[in-house]
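The values are calculated or read from the model by the stated rules, or taken from the named source; none is laboratory data. Here the structure is a predicted model, which is why all the values come from computation and not from measurement. Here the Cβ positions follow ideal geometry from the backbone for every residue, glycine too, while neighbour counts run over all protein chains shown.
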Amino acid sequence: MAKVSFHVSLNSVSHVFTDGRLPLRALEDIFLTVPAGQFVSVLGPSGCGKSTLLRIIGGLVRPSSGGVEVAGDAPNRAQATREIGFVFQDPALLPWRTVLGNVTLPLEVTGRRRELAPLLLRLTGLSEFADYYPHQLSGGMQQRTALARALAIDPALLLMDEPFGALDEITRTSMRYELLRIWSAAERRRTVIFVTHSITEALVLSDRVVVLSGQPGRIVADIEVELERPRTPEIERSSAFLDYTDYLREMLNPSRMQGPVVSA
Amino acid sequence: MMRSVLRVIAGCVVPPLLAFALLIAFWESYIAWRDVSIFVMPAPSDIAERFADDPGFFVEEGWWTLYEATLGLLIGSIVALLAAVAMSYSRPLERAIFPIAVAIKVTPLVAISPVLVIVFGFGVMPKLIIATLLCFFPMLVNATIGFRDVNPAQLEFFRSINASPWQVFWKLRAPGSLPYIMSALKITYPLALTGAVVAEWFSGTRGLGYVIYAAWLNLRTAELFAAIAVLAVTGVFIYAVLSLLEQRLLFWHESVRSVR
């Protein structure tokens, strides 16, 4: 049998938070393999453990049990070699640095060439805002900066945790296609794992959607999205897109999901 | 442009000046009206006259006191910042340092001034020590909180790019603590001035504290008040410089942005 190499693989990963009063089972028995270059969305309701899953893959959280490999190595090792880029919901920019300064930060930390920063700003459409400070930017612009900053270490794997979750609907919609443009403009296909609770967002962006149930998070569906690329807003009105939407909505239906039953 | 400058002058400079002038006028006329002896309370005109007699004397003594206070502030702040770094990284070190800091804080420093005179004589040393000790505690407490108060999302980003602890400190914790350090300076610089003046009472041969003490002994009340006025102006000057510095350094911080 030929050995298939995956960029990311999770083998029976479970995680329990024990710092609260009651142990909280966040993830249970997750098996997930992601080939290099794939854009995967992890879709699920709030509190289903999707952010924890992302932090486990990124080496920021150690799972209670199970094995994780990123590029054939432990996640924290992959992180140490700057394989992994992060974009969080909170852009967490440094308020005392300009846009350019924020994008330069990871270059300073990793000792890469600072001249790369202007290229990243051009890629993310921020060139004109290089000298602005974060508080002078809209939420969408801040998130673009966070994306440029994550790309600065040239990660093979990009982990995005509801990056557009705090944006207004209009900005959010345009940022999806911006992200697609930036992702496909790169000279190499990065693997992306994108956490969201928006079905449309997951479908517009991804090659594949993984649906997580709520508490504890389990994988309840895993589908390939066979919509043609490059994708444009028109795709959201296609019948295939609507079929996918219906299917995912059904998968997310709370009655299908196991979890605490709220009684009146 | 010209109009906006005029508006600033009309809005920010005129009201306090007017209030101050009224206060002086009241003081002057009260003393003239009740014929108060100059040994009890000098009139503003007496004070101004004494100052105008020899302004160089007051400015020189004022510089000396300011010099002592500033040097004490620098030493106290640097030691406090180093201790704050240690405390913010290690709870055992915090437990070791903090009780000493509190002891320094609660001991009335006026009480140890005579001791310092015995040990260090009448030179600059006792003034420096008092100013340093007064500055130490507020800076220590503020800076420790400042170094610890880090946005968790920013810290997580630094972790995600595998930044070293050194980089996390210089690129995240240190700039993030600046608002706390600036607030501490606004408290400690005037404290250092107080400390220097008090130490000069006990062991001064120079400085405004010494001038006040000598004038008091000889009932030269106009001179005493002139020295106090110079001290007040010095304090206001320090505060203004610190506020300007704060505006410059903390343009990104809510505390400065919300004022604009």
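Here is how the numbers come out for the structure above:
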| read-out | value |
| --- | --- |
| Some residue of region A:15-35 being modelled with pLDDT of 90 or more, within 20 Å of the chain's Cα centre (by Cα), outside any strand (DSSP E or B) and of a type outside the set (Val, Ile, Thr) | yes |
| Residue selected from region B:42-63 under the condition crowded, with 21+ Cβ neighbours inside 10 Å and in a helix (DSSP H, G or I), by the criterion farthest from the chain's Cα centre (by Cα) | B:ARG50 |
| First in region B:13-41 and outside any helix (DSSP H, G or I), second anywhere and of a type in the set (Asp, Glu), Cβ under 9 Å, 6 or more apart | B:ILE38/B:ASP46 |
| One residue from A:PRO45, A:PRO35 being surrounded by fewer than 21 Cβ atoms within 10 Å (Cβ to Cβ) and touching a Pro at 6+ places or on another chain (Cβ under 9 Å) | A:PRO45 |
| Flag for A:GLY20 being surrounded by fewer than 18 Cβ atoms within 10 Å (Cβ to Cβ), of a type in the set (Gly, Ala, Ser) and not assigned by TED's automatic domain parsing to the domain that holds A:PRO163 | yes |
| Answer from A:SER184, A:SER238, A:SER213 - the residue that is in contact (Cβ under 8 Å) with a residue 60 or more places away in the chain, assigned by TED's automatic domain parsing to the domain that holds A:ALA74 and among the polar types (S, T, N, Q) | A:SER213 |
| Unique residue being within 22 Å of the chain's Cα centre (by Cα) and farther than 29 Å from B:GLY204 by Cα when the list is B:ALA69, B:ALA83, B:ALA19 | B:ALA83 |
| Criterion: more than 14 Å from chain A (Cβ to nearest Cβ), touching a residue at least 60 places away in the same chain (Cβ under 8 Å) and either assigned to a helix (DSSP H, G or I) or in contact with a Lys or Arg (Cβ under 7 Å, 6 or more places away or on another chain) (or both) - qualifying residue of B:GLY209, B:GLY235 | B:GLY209 |
| Residues within region A:163-180 that are of a type in the set (D, E, K, R) and either free of Cβ contacts under 8 Å to residues at least 12 places away in the same chain or touching a Ser or Thr at 6+ places or on another chain (Cβ under 6 Å) (or both), tallied | 1 |
| Considering residues of region B:238-260 that are free of Cβ contacts under 8 Å to residues at least 24 places away in the same chain and touching a helix residue (DSSP H, G or I) at 6+ places or on another chain (Cβ under 7 Å) only, the residue nearest to the other protein chains (Cβ to nearest Cβ) | B:TRP252 |
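Yes or no, residue by residue, for (1) of a type outside the set (Gly, Ala, Ser); (2) touching an Asp or Glu at 6+ places or on another chain (Cβ under 7 Å):
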| site | (1), (2) |
| --- | --- |
| A:ALA78 | no, no |
| A:THR81 | yes, no |
| A:SER138 | no, no |
| A:LEU157 | yes, yes |
